[in-house]
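The values are calculated or read from the model by the stated rules, or taken from the named source; none is laboratory data. What you see is a predicted model; the values in this text were computed from it and never measured. Don't worry about glycine lacking a Cβ; one is built from the backbone with ideal geometry, like all the others, and counts go over all protein chains shown.
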Amino acid sequence: MMVAESVAFLLAALFGTGSDPSIGDRSITSSVDKISRSPIALLSTPVLHRSKRQNRSQRGSGSSRPRAVRTREISNDWQKADATWTKMQEENVIPRERTLRLLADTLKNNGQEVPFDVPEIWYEDRVESAPVSENNPEKKVLMLCKKGSVQAPVGLEQRTAARRSCDQPNLRTLQVNKATRPQADFPDGLRAKGCRSLIYAETHIKGFTLNDAASSLLIITQVRRDYLKDAVSTLKTVLESDMVPIPLAVTRLVQALAMKGDLESICTVEKMVENLAASIGLSRMLFVNNTVWAHIKNNNLDMAVEYIEPLFISGMQNPDSPITSMSYVFRKVIEERLEPALEKLSAMAERLVNQFGVYKPATDLFLQYVDAGRVDDARFLLQRCGGIAEQKGTLMAFIAKSSQKPGQGQKIKTLLDLVPDFPEKEIVYSYLLKCHVLDNDVVSAKALFENMKAKNIHTDEIFLKRLAILLKNAGEPVPFTEPPLDSYWLY
């Protein structure tokens, strides 16, 4: 039974899509794709059908497919169905799934043997064979979707029963999703009850359960709809049922609670998952950073500093549990232009440098200044805390991350301008060239190459291969021997 996958699609359909760019429709889809899917027999494709029709049209044939396949012409006549199948074989016509099912049903209903394999479909036993009535809402929902009557008044219990019928995420689930998504104009009352309907189904419909992934998607949906208390309750239910939530669900929930300044709920969630966090890859900093952020949202700046500063000091004394990064907090503060909070945190970072030799917060702040384009602030901080330039690991991680996305080359250049004596420039220039390649910036790439030759900086094979491909794509000559590397090494 694959209830969870269908529930995920119905969640997206019934609840609509949120505006959170950090989650987006991709989070739902990518999470659902991780669930194992059963194969479905696809005997034809639109391309094959199109090519067949074009070939017959070119031959002047007036028939692209036997018209008798239509329901109203077969009229449960097995002889017509058998003749149709024979004719399709003679004309080498590739039948569609719907055609095969229609022919197979006609033959079966008349006690005849079916001379071909019928694609297995998940709703065959539970929906197609059932009458359309108020007692069987599953088929009613699917038929309404086919007719485009998505706004028909289907009750809450009927909707949850229909969800229960969705054992696999195949054609019918996609029909519901496709039919409902473009309209997304359900009454406000229905939207308000939407997230709770699955919990209602679990408690009121026998046999209805959500697996780990579907429960996590429900939590994400509740967070996006700002039903945070329900999301915490769902997480508690998941853990009490010995299921494992996906890290994204917990992360989004904690971040949303921090935005509300809900320190108590953050602490509650942390205690819930404390025995599970390491195994599913939840960082301790998720709760540390969001606790600081919640204090800032509550305008308790002193409390924020009092909470985080001792953790860095104790982390220095206990290497087994270090505090790794405050980049998230610094980024949020800079994005929301909370200058008083930024001044407090900056003073704390400088104090940790001067009194304890702890450079991580100051380095994180420095790099966030560079990332936000606040070059003067970055320069002033570097002047006050010169040891930032010696934090090679953190600086190199920032460069490597920046080189993964287009339009980030200027940030690496800014960093090199601020830290002219940066070690291992050969590696840094290789990342910079990768940025130019992503931007398709031939001029900057050639200038970088000439600059490296003038400074007698070694260029490795990966650097030369990237540059050669960029120049050839731009129709320019390659002024060196192109290394015989596979493109695999360029990514």
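Filtering segment 414-425 down to residues that are assigned to a helix (DSSP H, G or I) and modelled with pLDDT of 90 or more, which residue is surrounded by the fewest Cβ atoms within 10 Å (Cβ to Cβ)?
This residue is ASP417.
Could you run through segment 470-491 and say how many residues are at pLDDT 90 or above and within 35 Å of the chain's Cα centre (by Cα)?
Here the count works out to 5.
What are the residues in segment 323-356 that are touching a residue at least 24 places away in the same chain (Cβ under 8 Å), of a type outside the set (S, T, N, Q) and not in a helix (DSSP H, G or I), if any?
If the condition is that a residue be touching a residue at least 24 places away in the same chain (Cβ under 8 Å), of a type outside the set (S, T, N, Q) and not in a helix (DSSP H, G or I), then ILE323, MET326, LEU338 are the ones that fit.
Provide a single number: the residues in segment 396-408 that are assigned to a helix (DSSP H, G or I) and either under 21 Å from ALA447 (Cα atoms) or touching a Phe, Trp or Tyr at 6+ places or on another chain (Cβ under 7 Å) (or both).
3
I'd like the residue in segment 439-462 that is at pLDDT below 90 and assigned to a helix (DSSP H, G or I) and, out of all such residues, is farthest from the chain's Cα centre (by Cα).
Taking the candidates together, the pick is GLU461.
Check off (1) outside any helix (DSSP H, G or I); (2) at pLDDT 90 or above; (3) over 16 Å from the mean Cα position of the chain (by Cα) for PHE208 and give me the number that stays unchecked.
(2)
Quick test of your reading of the structure: ASN456 fulfils all but one of (1) at positive phi; (2) assigned by TED's automatic domain parsing to the domain that holds ILE334. Name the failing condition by number.
Only one criterion in (1) at positive phi; (2) assigned by TED's automatic domain parsing to the domain that holds ILE334 is unmet by ASN456, namely (2).
Mind checking whether some residue in segment 447-457 is closer than 25 Å to LEU367 by Cβ, in contact with a helix residue (DSSP H, G or I) (Cβ under 8 Å, 6 or more places away or on another chain), of a type outside the set (Gly, Ala, Ser) and buried (at least 17 other Cβ atoms within 10 Å of the Cβ)?
Yes, segment 447-457 contains at least one residue that is closer than 25 Å to LEU367 by Cβ, in contact with a helix residue (DSSP H, G or I) (Cβ under 8 Å, 6 or more places away or on another chain), of a type outside the set (Gly, Ala, Ser) and buried (at least 17 other Cβ atoms within 10 Å of the Cβ).
Please enumerate the residues belonging to segment 276-298 that are within 11 Å of VAL254 (Cβ to Cβ) and either buried (at least 23 other Cβ atoms within 10 Å of the Cβ) or of a type in the set (Val, Ile, Thr) (or both).
VAL288, ASN289, ASN290, THR291, TRP293, ALA294
Taking the conditions exactly as written (part of a helix (DSSP H, G or I), free of Cβ contacts under 8 Å to residues at least 24 places away in the same chain and in contact with a Phe, Trp or Tyr (Cβ under 6 Å, 6 or more places away or on another chain)), does GLU264 satisfy them or not?
no
Among the residues of segment 359-377, are any surrounded by 14 or more Cβ atoms within 10 Å (Cβ to Cβ), assigned to a loop (DSSP other than H, G, I, E, B), in the same structural domain as TYR431 (by TED's automatic domain parsing) and of a type outside the set (Gly, Ala, Ser)?
There is no residue in segment 359-377 that is surrounded by 14 or more Cβ atoms within 10 Å (Cβ to Cβ), assigned to a loop (DSSP other than H, G, I, E, B), in the same structural domain as TYR431 (by TED's automatic domain parsing) and of a type outside the set (Gly, Ala, Ser).
Provide a single number: the residues in segment 469-482 that are surrounded by 14 or more Cβ atoms within 10 Å (Cβ to Cβ) and over 12 Å from VAL442 (Cβ atoms).
Summing the residues that are surrounded by 14 or more Cβ atoms within 10 Å (Cβ to Cβ) and over 12 Å from VAL442 (Cβ atoms) in segment 469-482 gives 1.
What do you reckon, is LYS411 touching a residue at least 40 places away in the same chain (Cβ under 8 Å) and assigned to a helix (DSSP H, G or I)?
Spelling it out, LYS411 is indeed touching a residue at least 40 places away in the same chain (Cβ under 8 Å) and assigned to a helix (DSSP H, G or I).
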